[in-house]
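So the structure is just underneath, and the comments pick up after that.
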Amino acid sequence: MDLQINKKTSFDYFNILFLFMYGIICIFPFYYVFIVSISDFSQVTNNIVFIWPKGVNLGIYKNIMRYKGFTDGLKVSVFRTVVGTALGLSLQTMLAYALSKKCLPGRRFMVLYIIFTLIFNGGMIPTYIVIRNLGLVDKIWVLIIPGLISSWNVILLMSFFSSIPVEIEESARIDGANDILILIKLILPLSLPSLATIGLFIAVGHWNALMDGVIYINREELKPLQAFLVNLVSSQNSSMGMNHISFSEEQRLPPYTTRCAIIFASTVPILVVYPFVQKYFIKGLMIGAIKG
Amino acid sequence: MKRKISLIIVCVLVFTFILSACTVAGTKSGTTSSDTDTTLQDTKPAEKIKITTAQFLEQSTEDYSINENPYVDFVEEKFNIDLTIIRTSSGQYGEKLNALLAAGDIPDLFISNKTFIAKYAEDGIAMNIDSLKPLAVNLNKNVNEEAWQAAMYNGKLYAIPNQRYDPFPYLSFVNKNFVETLNIDVNNIKTIDDYYDMFVKFRDNFENSIPVTAFINWPLMPLIDAFDAFSYKVIDGELLPNYLQPQYKEWLKFMQKMYKEKLIDQEFITQQSEQTWSKINSGKVGFYSWFWHQDVMVNQGGSRDDWLPIKPALKADGIESKLIYHSPARQFFFIGSKSKNPEKVIEMLDWAASEEGQLFIQAGLEGWDYDVKNGEIVMREGRKGQNMSWRFVTIGMDPPKLTSEKVLGVFAEIYGESGVRNYQAAYEFGGYDPILLNIPSFPDLDKYDFNKMRTEFDFNAIIGNIGIDAQWDSHITTFRKNGGDLLIDSLTKWYNNDYKK
């Protein structure tokens, strides 16, 4: 019987091959961007670089790291990602948990209120005016506070919490647990896969966010990494046009390889998060399997 | 396990709040910059004037903040001001400026293009500066009258044209090695036929050569005015864009012939600019057009000495053609309607056109960027040509002309002899179309993609996918049907009612 199970069919081989190829397709763009970034520019423009880097030179990463704007931006982006994700996830979880309770007075109004903001938003300029009047312009918190509650995430979490059997909570309540204890000790551990997913959404959103840093922040040292990266890429593009010479000999970076280095450098930190979150996805799947 | 998870969550939250608190403190110390400003202001002379400008700058500021650096210190001291520059990259500048203007945070000085003059004037965002213009002595002396005219709306001046010292920056170059080997004197290349013969010689005498290469946005530039196919013209009572005129058709046919005979780079439509530059620096290209400074080529290891500037071909009637640039003013500077000190803003901008201002932008600061030895300016190691955009953004605008020997000396040191030669050639060979310079924007026509219709036809024509003679009339009919008639009508009305007056 075991032999039967272990025996691989041609369909399995096809599957393995297909998934392997699919994996290559997913990974290759990252790999290609990396090898281009460390290759000699002339080799890249001559289309010689494909599988292996040519004329390896890691100096380009040194150049990028040398920019104060990069290190400042990195700090701001890490801060907003860590703090923004922690606060956002906490508040969204609490809101969604409360709203998942059908007995909550005014629940219907509040849910509609949240859905309304999902469909309509104030637009850039009214939002700017509100934020300016709140005194948030040029403060680091402007990168975090306006996006603390995401309607979409709240609705997802609400539907997840609603699917948890009420009996579990009732049993805890019989044991003397209050709402907060139930949320922390019972609901959150059961919800780790969905929390991990939402947390990842928030973190990636914070990491990639550009326009809030551009619109609400004037001070250079508070600009997120993405604003710096856009500046750098634009400077490479504008040097193709009519701007003055602005890079000294050692600062002159070949545009395409630079862009690749920047893209790679800005992608790595957020990619690092995925493996840590992935275990919760797997755990979630296992929970389901055991129950099944 | 549950206890462990709870502990982790609590730890994360505590850590977050501690971190947040630290950052608040950090932010406060950051904001202390404004607090400190206030404190400093107490000790600063009371008459310091606050000036806020909105600019775009992508270039590095050598790890200095755009608002705290030796250039800003110099400008603040010189004009006794407290300068704040709101900086974004050019890509985000429009949105940032819109947000500032809509919220009523109108900077004292901001930059935009010609299409916004009417809007800013009508919305009361830009200040009417007719009464301030006489204060700009240096600008009045050096900025072209056409550029000032372009900054007017309903007969009133609402902006200061940013006419750079290279108002006509385009230039065409031939490969020095090619012409020397073939014993061609570029001064004898005068007509379109001369150009054509030269390209044929390039192709036939140099193996694997590319007689002409071009950038995707640029293929229309070289030789087009020699066909009289660049300027807008009144034909049969209608003001027609160049690309709807019969002369343009003739130019397309010439380009098609060049392409068919492999005189033009066969990949110019599909290749990236990096590949074009790589070809140019490979020594295989015979002719190309670009900005006079050839900065990308030089940055990628090429040398200006390997290329000779060449005069545009004569028109059929023997008149000199030009390398046409859209406007001598690249952008326009607006003084915000809420500015309390517009005179100070004008003073700063006007200073950029003075000898001292030109020197500041071209050379930088004495003791940091250059030294003066025996009365001569000697650029410091690694400072040649550095930070010019940064200084220009700090003071507000570019000098409209390089007028003094001292400044031209620095300019020559930055660009070398061949760079100066190119600059002078671009000035001599360049021009603009006065009608094109003054055409306003027509917001009602924004829904039509005229450029797409035009370029699709152009590229298909050049690479020989379509017969130009056979398709031209139907192309014009289609273009007119798809918004072209409205465009021509708007242009003609503007021409008759406004421009001619």
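The values are calculated or read from the model by the stated rules, or taken from the named source; none is laboratory data. Nothing here was measured: the structure is a model prediction, and the numbers come from that model. Every residue, glycine among them, receives a Cβ derived from its backbone with ideal geometry; neighbour counts consider all protein chains shown.
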As an exercise: evaluate residue A:188 against (1) over 15 Å from residue A:76 (Cβ atoms); (2) modelled with pLDDT of 85 or more; (3) at the interface with chain B (Cβ under 9 Å from one of its Cβ atoms); (4) surrounded by fewer than 16 Cβ atoms within 10 Å (Cβ to Cβ) and give the number of the one condition it does not meet. (4)
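Table: residues versus (1) in contact (Cβ under 8 Å) with a residue 40 or more places away in the chain; (2) surrounded by 17 or more Cβ atoms within 10 Å (Cβ to Cβ); (3) more than 30 Å from residue A:161 (Cβ to Cβ); (4) facing chain B (nearest Cβ under 10 Å).
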{"position": "A:23", "(1), (2), (3), (4)": "no, no, yes, no"}
{"position": "A:28", "(1), (2), (3), (4)": "no, no, yes, no"}
{"position": "A:41", "(1), (2), (3), (4)": "yes, yes, yes, yes"}
{"position": "A:57", "(1), (2), (3), (4)": "no, no, yes, no"}
{"position": "A:68", "(1), (2), (3), (4)": "no, no, yes, yes"}
{"position": "A:72", "(1), (2), (3), (4)": "yes, yes, yes, yes"}
{"position": "A:77", "(1), (2), (3), (4)": "yes, yes, yes, no"}
{"position": "A:88", "(1), (2), (3), (4)": "yes, yes, no, no"}
{"position": "A:92", "(1), (2), (3), (4)": "yes, yes, no, no"}
Of the residues in segment B:362-409, how many are closer than 14 Å to residue B:165 by Cα, surrounded by 18 or more Cβ atoms within 10 Å (Cβ to Cβ) and of a type outside the set (D, E, K, R)? 9
Residue tally, condition at the interface with another protein chain (Cβ under 7 Å from one of its Cβ atoms) and part of a helix (DSSP H, G or I), over segment A:212-224: 5
Output the number of the condition that residue B:181 fails; it satisfies all remaining conditions of (1) surrounded by 23 or more Cβ atoms within 10 Å (Cβ to Cβ); (2) without any contact (Cβ under 8 Å) to a residue 40 or more places away in the chain. (1)
Count of residues meeting criterion [small (Gly, Ala, Ser), buried (at least 22 other Cβ atoms within 10 Å of the Cβ) and at the interface with chain A (Cβ under 8 Å from one of its Cβ atoms)] in segment B:52-70: 1
Determine whether segment B:326-347 contains at least one residue that is surrounded by fewer than 18 Cβ atoms within 10 Å (Cβ to Cβ) and either touching a His at 6+ places or on another chain (Cβ under 6 Å) or at positive phi (or both). no
When residue B:448 is run through (1) part of a helix (DSSP H, G or I); (2) surrounded by 16 or more Cβ atoms within 10 Å (Cβ to Cβ); (3) at pLDDT 90 or above; (4) not polar (S, T, N, Q), the failure sits at (1)
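Quick grid of which residues meet (1) among the aromatic types (Phe, Trp, Tyr); (2) not in a loop (DSSP other than H, G, I, E, B):
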position: A:111; (1), (2): no, yes
position: A:116; (1), (2): yes, yes
position: A:127; (1), (2): no, yes
position: A:131; (1), (2): no, yes
position: A:136; (1), (2): no, no
position: A:142; (1), (2): no, yes
position: A:152; (1), (2): yes, yes
position: A:157; (1), (2): no, yes
position: A:161; (1), (2): yes, yes
Considering only segment A:116-160, how many residues are away from chain B (no Cβ under 14 Å), touching a residue at least 60 places away in the same chain (Cβ under 8 Å) and more than 23 Å from the chain's Cα centre (by Cα)? 0
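In segment B:286-297, which residues are farther than 19 Å from residue B:164 by Cβ and within 14 Å of another protein chain (Cβ to nearest Cβ)? If you could, list the steps in order and put the result at the bottom.
Narrowing segment B:286-297 to residues farther than 19 Å from residue B:164 by Cβ: B:286-288, B:297.
Scanning segment B:286-297 gives B:288, B:297.
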Among all residue pairs at least 6 apart or on different chains, which show Cβ distances below 6 Å where the first residue, located in segment B:87-109, is within 22 Å of residue B:390 (Cβ to Cβ) and the second is modelled with pLDDT of 90 or more and among the small types (Gly, Ala, Ser)? B:97/B:54; B:107/B:54; B:107/B:336; B:108/B:336; B:108/B:339
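Identify the residue in segment B:81-120 that is of a type in the set (S, T, N, Q) and under 17 Å from the mean Cα position of the chain (by Cα) and, among all such residues, is farthest from the other protein chains (Cβ to nearest Cβ). So that I can check it myself, show each step before the final result.
So the first thing to find is which residues in segment B:81-120 are of a type in the set (S, T, N, Q), and the list is B:84, B:88-90, B:92, B:98, B:112-113, B:115.
Subsequent filtering for residues that are under 17 Å from the mean Cα position of the chain (by Cα) retains B:88-90, B:92, B:112-113, B:115.
Working: B:88: 6, B:89: 4, B:90: 6, B:92: 4, B:112: 17, B:113: 14, B:115: 19 Å.
Of everything passing the filter in segment B:81-120, B:115 is farthest from the other protein chains (Cβ to nearest Cβ).
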Residue pairs within 7 Å by beta carbon, gap of at least six or interchain, first lying in segment B:286-307 and without any contact (Cβ under 8 Å) to a residue 24 or more places away in the chain, second among the small types (Gly, Ala, Ser) and not in a helix (DSSP H, G or I), listed first then second, are B:295/A:239; B:296/A:239; B:299/A:239
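Go through B:130, B:123, B:73 for me and flag whichever is over 25 Å from residue B:401 (Cβ atoms) and more than 14 Å from chain A (Cβ to nearest Cβ). Lay out the reasoning, then the answer.
On the way: B:130 fails: over 25 Å from residue B:401 (Cβ atoms); B:123 fails: more than 14 Å from chain A (Cβ to nearest Cβ).
Just a single option satisfies the conditions, and that option is B:73.
Assess whether residue A:224 counts as being modelled with pLDDT of 75 or more and surrounded by fewer than 20 Cβ atoms within 10 Å (Cβ to Cβ). Outline the logic, then answer.
Working: modelled with pLDDT of 75 or more: yes; surrounded by fewer than 20 Cβ atoms within 10 Å (Cβ to Cβ): no.
In short, no.
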Could you check segment B:308-417 for helices (runs of 4 or more DSSP H) lying wholly inside it with 2 or more residues that are touching a helix residue (DSSP H, G or I) at 6+ places or on another chain (Cβ under 8 Å), within 14 Å of chain A (Cβ to nearest Cβ) and without any contact (Cβ under 8 Å) to a residue 60 or more places away in the chain? B:355-363, B:388-395
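Given the residues B:191, B:270, B:213, which is the only one that is surrounded by fewer than 14 Cβ atoms within 10 Å (Cβ to Cβ) and among the hydroxyl-bearing types (Ser, Thr, Tyr)?
Details: B:191 fails: surrounded by fewer than 14 Cβ atoms within 10 Å (Cβ to Cβ); B:213 fails: surrounded by fewer than 14 Cβ atoms within 10 Å (Cβ to Cβ).
Every option except B:270 fails the conditions.
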